Every structure is written in structure tokens, then in C-alpha cells.
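A.B. asks: Sharing a structure below in C-alpha cells format, with a few things to ask.
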Amino acid sequence: MAQVIDALDLVNNQKRLPTEAFFVDTNIIINYKDPFGSSYKDKRIEKLNEDTTKVLEHLKSLYKAYTTLSVSQEYYKYIHTNSYKLYKQTKEFRLYDFKKLRETDISFMNIWEKYLKQFKTVFTKNFKIIDKEFNGEDIIIEFKGSLVDFGDHLLFYTMKYEGVNKCIFSNDSDFYSYTDDFFLLTLNKKIINLAKQDKKIYHPSKKH
Amino acid sequence: MKNIIVVNLLKSPVLLSAEKGELLFEAIKKALKSKTKGKVIIDFEGYRFISSTFLNNAFGQLCIDLNFSEKDIKDKIEISGLNSDDEDDLELAISNAQLRKRLIEDNINVQEFYASFMNY
């Protein structure tokens with residue numbers, strides 16, 4: 001079962017992570033890079049961006065930060081659809097129109113290049129992608145879609161079979177439902193409070 | 001030319017908060033208003049890390065509040081001391097601010113727009 005670690009408490013009080021590395025989920029990377037500047041003048045998201053950056057920069061300096069191709073694919077989809085929506089000021093993503101903009105609209109092409117550049121930097125310089133050879137059938141068979149999303153499952157599966165560093169940094173409460181033993185590092189107060197009630201809070205011991 | 005040494009101005013190498021971004025924005029505004037020729041140099045030497053929130057408030061605001069275009073920023077401001085990846089993030093913050101400005105000019109409720117599209 002998940003043992004929950006309060007990420008801000010860990011960093012503010014310079015406590016040790018119980019593993020040498022941790023896996024990072026898509027929502028953390030989105031909160032960290034804030035690719036569309038959506039935090040601007042939104043106090044809640046500004047605080048989230050600030051705290052996520054503080055935690056990640058601290059942890060990356062001391063531990064190895066891993067992620068997966070599935071996370072990069074989710075992040076790509078996020079910038080793919082929202083860059084179009086923001087540029088066109090629309091609620092609806094139109095793939096054909098996106099491709100046309102990408103090929104013919106100079107102004108969109110310029111900004112799309114910037115989003116892509118940041119995407120590549122994130123997944124080549126910030127986090128090491130852990131790639132394992134899995135039997136695809138096993139992944140599908142083990143997937144419990146009533147509890148978690150497929151992307152969560154792929155990330156969890158990789159962490160589980162990496163074997164040593166069973167720690168995921170995520171604000172997604174779906175991970176709390178896993179019964180396997182692992183550490184869930186989070187900034188999500190609801191998860192932290194629930195874990196306190198369920199006595200599933202992990203108290204990192206010694207200070208650095 | 002006028003130099004702003006960011007780490008000295010903000011008394012910290014850690015550039016995370018909106019408040020610090022706001023302080024830098026005000027310093028840039030003041031430097032631009034003072035009657036000196038040439039660019040204002042923003043020197044980030046000695047910083048440790050920087051957040052999107054900080055960049056949005058320090059530089060994005062130039063576009064939104066002072067109506068600067070990307071060209072205006074290039075003509076009036078020179079950045080030094082940032083690593084290349086953070087420089088790219090700064091450029092992206094400015095481009096995002098231009099898109100936000102367009103939303104405002106087109107009378108679109110900006111908070112609602114970002115809230116409904118950007119949640120993950």
C-alpha cells in the first residue's frame with residue numbers, strides 16, 4: 001500500500017527520501033514547467049508552481065529523477081491540444097486545423113517551436129526516462145481501469161519493475177488506491193490528510 | 001546602460017515567488033523610465049533556480065501591463081547570466097504573455113479560459 005510523504009515537509013525540514021531515486025508524474029511536470037503561463041495572477045496555481053519548483057529542484061540536486069515515455073506522451077498531448085486552443089482562443093481542439101497551422105501559420109510555427117523545445121529539454125535534461133522491455137499483454141491484463149488511468153498504470157508498472165526505487169511524485173489521488181508497497185510523494189493536501197487519517201503517512205527520519 | 005543585478009535586488013539566489021517577480025518587474029519599469037540611453041541589462045549571475053511564476057510576473061507583465069511586444073523587449077532589455085534552458089523558458093513566458101494579452105483584448109474571461117482548458 002502507498003505510504004505517503006508530504007513533499008513540502010520533506011524539503012522544508014531537509015529530511016531524507018527513503019529511496020535513491022523517484023519517478024515523476026505528468027501533473028508534477030505540468031505544475032513545474034507551467035508551459036502556458038497559466039499560473040499568472042492565479043494565486044493557487046502560482047503557489048503550486050512555486051512549491052513544485054522548490055521541491056523538484058531540491059530533490060533533483062540530491063536524488064535521481066526518473067520518468068517514463070508514457071508521461072512524456074501525456075505531457076506532449078497536453079501541449080499539443082492546449083497550444084492550439086490558446087492560439088485559436090477556442091474550447092475545441094481540431095487536429096486537421098492544428099496540422100494546417102503547424103505547416104502554414106508562421107506565427108503559430110514560431111510559438112509551437114518554443115513549446116517543442118521546452119518539451120525536449122524537460123525530457124532530456126531534467127528527468128531520466130526509464131525504459132524497460134515489458135510484455136505488452138501483461139501490462140494490459142494487469143490494468144485496473146476502474147481505479148486508475150492507463151497512463152498512471154504505465155508509470156506505476158515501470159516503477160514497480162524498476163524494482164528498487166519505489167517512489168512516485170504525483171498529486172493524483174488515484175495512486176493512493178494501489179495496494180502494492182511504495183512511497184507516494186505528494187503536494188496534494190487531500191492525499192496527505194487522508195493518509196494521516198488512515199495512518200499511512202511516512203515520516204522520513206534523519207535530516208541531511 | 002543601466003544594470004539590475006537580480007540576486008542583489010531580491011537578496012536571494014532563489015527566484016520562485018510571484019512577489020519576487022513583481023519586485024523585479026517594478027525595478028525594470030523604473031530603470032526603463034529613467035533617462036538613460038541604451039538597454040537595461042538584467043543580470044542573473046549567481047541565481048540558483050527560477051520558476052515560471054517568477055518569469056511570468058517579472059517579464060510577462062511587461063507585455064500585459066506595459067503593452068510591450070516581443071520586439072520591444074528585445075530592443076529595450078538585455079538578459080545576462082541565465083543558463084540557456086532558463087533563457088528559453090523566459091522567451092516562452094513572454095510569448096505566453098502575448099497570447100494572454102490577445103485574450104484580454106478580445107474580451108475573453110481569462111481566468112475562466114485558463115481554468116477550463118488547462119486543468120490536468
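Rule-based calculations on the coordinates, nothing more; no lab input. A quick note: this is a predicted structure, and the numbers were derived from the prediction, not measured. Cβ atoms come from the backbone with ideal geometry, glycine included; neighbour counts cover every protein chain shown.
A.B. asks: Nearest 10 degrees, 0 to 90: what angle lies between the long axis of helix A:43-62 and the longest principal axis of chain A (Cα atoms)?
C.D. replies: Between helix and principal axis, roughly 60 degrees.
A.B. asks: Taking the Cα atoms of the protein assembly as shown, what is the range of coordinates along each of the three principal axes, in descending order and whole Å?
C.D. replies: 65, 51, 33
A.B. asks: Just to confirm the number: angle between the C-alpha axis of helix A:95-104 and the first principal axis of chain A, 0 to 90 degrees, nearest 10?
C.D. replies: On a 0 to 90 degree scale, this one is about 60.
A.B. asks: Related question: What ranking of B:24, A:69 emerges when the number of other C-beta atoms within 10 Å of each C-beta is taken as an exposure proxy, fewest first? Don't jump to the answer; show the numbers that get you there.
C.D. replies: Values: B:24 22, A:69 14.
Listed from fewest to most nearby Cβ atoms, that is A:69, B:24.
A.B. asks: Kyte-Doolittle mean at least -1.0 and Cα extent at least 30 Å along the axis: which DSSP H helices of chain B qualify?
C.D. replies: Those that pass (Cα extent of 30 Å or more, hydropathy at least -1.0) are B:84-105.
A.B. asks: Here's another thing I want to ask about it. How would the stretch A:1-75 be classified by its alpha-carbon gyration tensor: rounded, prolate or oblate, with rounded meaning a/c under 1.5 and the a/b versus b/c comparison settling the rest? Present the calculation step by step, with values, prior to reporting the outcome.
C.D. replies: Numbers: a/c = 2.01, a/b = 1.25, b/c = 1.60.
It comes out oblate by the Cα gyration axes.
A.B. asks: Please report, in cubic angstrom per residue, the volume enclosed by the convex hull of the alpha-carbon atoms of chain B.
C.D. replies: Working: hull volume 12.8 nm³, N = 120.
Normalising the Cα hull of chain B by residue number yields 107 Å³.
A.B. asks: Right, here's the next one. Averaging sequence separations of C-alpha pairs under 8 Å and six or more residues apart, then dividing by the length of chain B, give the relative contact order as a whole percent.
C.D. replies: 27 percent
A.B. asks: Something else now. To the nearest 500 deg cm²/dmol, what mean residue ellipticity at 222 nm is calculated for chain B from DSSP H runs of n ≥ 4 alone, each contributing -39,500 (n - 2.57), summed and divided by the residues?
C.D. replies: Computed mean residue ellipticity for chain B: -16500 deg cm²/dmol.
A.B. asks: In the Gaussian network model of chain B, springs joining C-alpha atoms below 10 Å, which of B:103, B:62, B:32 carries the largest mean-square fluctuation?
C.D. replies: Its mean-square fluctuation being the largest, the pick is B:103.
A.B. asks: Could you list A:55, B:14 so that the one with the fewest beta carbons within 10 Å of its beta carbon is first and the one with the most is last?
C.D. replies: With the sparsest Cβ surroundings first, the list reads B:14, A:55.
A.B. asks: 7 Å from Cα along Cα→Cβ at both residue A:200 and residue A:125: what's the point-to-point distance in nm?
C.D. replies: 3.7 nm
A.B. asks: Still on this structure, I have one more. For helix A:106-121, what angle does its Cα long axis make with the longest principal axis of chain A, in degrees from 0 to 90 and rounded to 10?
C.D. replies: Computed tilt is about 20 degrees.
A.B. asks: How large is the Rg to Rh ratio of the stretch A:1-131 when both quantities use alpha carbon positions and Rh follows Kirkwood?
C.D. replies: When Rh is taken as the Kirkwood radius, the ratio is 1.03.
A.B. asks: Okay, next question. Could you tell me the ratio Rg/Rh of the stretch A:75-188? Both radii from Cα atoms, Rh via Kirkwood.
C.D. replies: 1.06
A.B. asks: Report the Cα-based extents of the stretch A:53-96 along its three principal axes, largest first, to the nearest Å.
C.D. replies: 43, 22, 10
A.B. asks: Distance from the Cα centre of the stretch A:16-60 to that of the stretch A:73-131, in angstrom?
C.D. replies: When both Cα centres are located, 20 Å separates them.
A.B. asks: What are the extents of the Cα atoms of the stretch B:1-53 along their three principal axes, listed from largest to smallest and rounded to whole Å?
C.D. replies: 31, 19, 17
A.B. asks: Fewest first, what order do B:77, A:141 take by the number of other Cβ atoms within 10 Å?
C.D. replies: Neighbour counts put them in this order, fewest first: A:141, B:77.
A.B. asks: Would you work out the relative contact order for chain A, in percent, from Cα pairs under 8 angstrom that are 6 or more residues apart?
C.D. replies: Over chain A, the number comes to 42 percent.
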